[in-house]
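Participant: Sending over a structure as structure tokens; questions will come in a sec.
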Amino acid sequence: MDSIPSWQSSSSTSRRRSPSRPRSPDLKASLQDALAKANRLVPSEAGSVYLFRPRRDELVIAVSFGSSAPSVESKAVPRNKGFAGYSFENGPLLANDVQSDPRFYRRIETEAKFKTRSVLCAPLEIGERRFGVIQLLNRVSEPGGEGAYNERDLELLNVLAQLITQSISHASAAARDPLTGLYNSRSLHERLAKELAASRLTGDEFCVLFIDLDHFKQVNDRYGHLIGSRTLIAVARLLRECTRQHDFIARYGGDEFILVIPSCDLEAGVQVAEKIRRKIESAEFMKDEGLDLAFLTSSIGCASSRDSHHDRDALLRLADTAMYEAKVERNRVVVLGRGGAK
């Protein structure tokens, strides 16, 4: 399994010495999700994400899929070897006759007992700094044929690489709300732009939930702003518990939250919204401290990327308008888009 290469050294590398491995609690889960999505969009027999380890000047396979995955994860390769190394230095790469390609690095293929026919690579970078590569091996085609990657496959992988780096860059404090630890509104707008770009290419639908707490002002009026802040922190914790690791949660401002749910249609989006609404309604915030916050509920608007004409602001307006309709009666979920309000 060639592929799982490393980086080739050059003057461009010394110029943008890659950062240490990005570290965040959900990094591995995010990378695994990205690989799974890559495999759905560009079906392949195997794939890996390499991360650069500067101190040893090597690339390490952080996550992988395929029959040989257990034997290759955590393997390291020199930075100046293989297709991945070439991609790290020079950008996206597509190769369909790898056995005769001089860039082919055979060590890992031999160890994994895997025969590589075709390779697709895209570098992972934040700004000018490259820190890894996502790689797919052996395109799966119609029954009876050996697959070959094409330029559209490479374009799709490039978009996914951008989504991965967006997710990692959001791990920085500048991307987070200092109170709740959720993403902030700037991060939200960046993530929506990336998801919409991916949706335009793939046709993959995603949903946005606009969540507003009902009667939150009463929390501040009755118990003070300190309790109000602690309540927002508790709500943020509840939202994390109700969602998947790769879903995107932002505090939009005040007591408003926005959830971006990748690979999700309207029906599934409403199910998530209802789960959140019920959890907030039944939560006993601060009860162990003798406080009564049973009046706190939520109004949630749900909208789909397919109803936004691939426009970020239109998608947010749709979810926002649905939320305001929900506020009329409070403690409910409203959907705007196909079929009108629900």
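Participant: (1) free of Cβ contacts under 8 Å to residues at least 60 places away in the same chain; (2) touching a Gly at 6+ places or on another chain (Cβ under 9 Å); (3) buried (at least 17 other Cβ atoms within 10 Å of the Cβ): which one isn't true of M323, the others all being true?
Facilitator: Checking M323 against (1) free of Cβ contacts under 8 Å to residues at least 60 places away in the same chain; (2) touching a Gly at 6+ places or on another chain (Cβ under 9 Å); (3) buried (at least 17 other Cβ atoms within 10 Å of the Cβ), the one that fails is (1).
Participant: With (1) over 22 Å from V72 (Cα atoms); (2) at pLDDT 90 or above; (3) not charged (D, E, K, R) as the list, and S169 as the residue in question, which single condition is left unmet?
Facilitator: Result: S169 fails condition (2) only.
Participant: Hey, among S74, S64, which residue is at pLDDT below 85, under 24 Å from the mean Cα position of the chain (by Cα), in the same structural domain as A38 (by TED's automatic domain parsing) and polar (S, T, N, Q)? Let's see the steps before the verdict.
Facilitator: Details: S64 fails: at pLDDT below 85.
When all the criteria are applied, what remains is S74.
Participant: For S199, state whether it is in the same structural domain as N331 (by TED's automatic domain parsing), in contact with a strand residue (DSSP E or B) (Cβ under 8 Å, 6 or more places away or on another chain) and either at negative phi or not in a strand (DSSP E or B) (or both).
Facilitator: Numbers: in the same structural domain as N331 (by TED's automatic domain parsing): yes; in contact with a strand residue (DSSP E or B) (Cβ under 8 Å, 6 or more places away or on another chain): no; either at negative phi or not in a strand (DSSP E or B) (or both): yes.
No.
Participant: Before we move on, is R200 basic (K, R), surrounded by 14 or more Cβ atoms within 10 Å (Cβ to Cβ) and in contact (Cβ under 8 Å) with a residue 24 or more places away in the chain? Give the derivation first.
Facilitator: Details: basic (K, R): yes; surrounded by 14 or more Cβ atoms within 10 Å (Cβ to Cβ): no; in contact (Cβ under 8 Å) with a residue 24 or more places away in the chain: yes.
Here the answer is no, as R200 does not meet what is asked.
Participant: Where residues in segment 329-341 are surrounded by fewer than 17 Cβ atoms within 10 Å (Cβ to Cβ) and either among the acidic types (D, E) or modelled with pLDDT under 95 (or both), which of them is farthest from the chain's Cα centre (by Cα)?
Facilitator: So in segment 329-341, the residues surrounded by fewer than 17 Cβ atoms within 10 Å (Cβ to Cβ) come out as 329-330, 338-341.
If we keep only those that are either among the acidic types (D, E) or modelled with pLDDT under 95 (or both) as well, we get 329, 338-341.
Values: E329: 34, R338: 26, G339: 29, G340: 29, A341: 29 Å.
The extreme case among them is E329.
Participant: Return the only residue of R306, R277 being in the same structural domain as E205 (by TED's automatic domain parsing) and over 19 Å from R240 (Cβ atoms). Full working, then the answer.
Facilitator: Details: R277 fails: over 19 Å from R240 (Cβ atoms).
Being in the same structural domain as E205 (by TED's automatic domain parsing) and over 19 Å from R240 (Cβ atoms) holds for just one of R306, R277, which is R306.
Participant: Related question: With the requirement that a residue be under 26 Å from E151 (Cα atoms) and surrounded by fewer than 17 Cβ atoms within 10 Å (Cβ to Cβ), what does segment 39-56 give you?
Facilitator: R40, P43
Participant: Being within 27 Å of R222 (Cα to Cα), surrounded by 15 or more Cβ atoms within 10 Å (Cβ to Cβ), without any contact (Cβ under 8 Å) to a residue 60 or more places away in the chain and among the basic types (K, R), is that true of even one residue in segment 255-277?
Facilitator: yes
Participant: For residues that are touching a residue at least 40 places away in the same chain (Cβ under 8 Å), farther than 23 Å from Q162 by Cα and in a helix (DSSP H, G or I), tally how many sit in segment 87-100.
Facilitator: Looking only at that region, the number is 1.
Participant: Taking only segment 67-88 into account, find how many residues are crowded, with 19+ Cβ neighbours inside 10 Å and in contact with a Ser or Thr (Cβ under 8 Å, 6 or more places away or on another chain). Break it down stepwise before answering.
Facilitator: Going through segment 67-88, the residues crowded, with 19+ Cβ neighbours inside 10 Å turn out to be 68, 72, 75, 77, 79-88.
Now narrow it down to the ones that are in contact with a Ser or Thr (Cβ under 8 Å, 6 or more places away or on another chain): 72, 77, 79-85, 88.
Residues that pass the stated criteria total 10.
Participant: Hey, does segment 101-108 have a residue that's surrounded by 22 or more Cβ atoms within 10 Å (Cβ to Cβ), assigned to a loop (DSSP other than H, G, I, E, B) and at pLDDT 90 or above?
Facilitator: Taking segment 101-108 first, the residues surrounded by 22 or more Cβ atoms within 10 Å (Cβ to Cβ) are 105, 108.
Keeping just the survivors that are assigned to a loop (DSSP other than H, G, I, E, B) gives 105.
Filter once more, so that each one left must be at pLDDT 90 or above: none.
No; the residues of segment 101-108 include none that is surrounded by 22 or more Cβ atoms within 10 Å (Cβ to Cβ), assigned to a loop (DSSP other than H, G, I, E, B) and at pLDDT 90 or above.
The values are calculated or read from the model by the stated rules, or taken from the named source; none is laboratory data. Please read these numbers as outputs of a predicted model, since none were measured by experiment. Quick reminder, even Gly has a Cβ in these numbers, built from the backbone with ideal geometry, and neighbours come from all protein chains shown.
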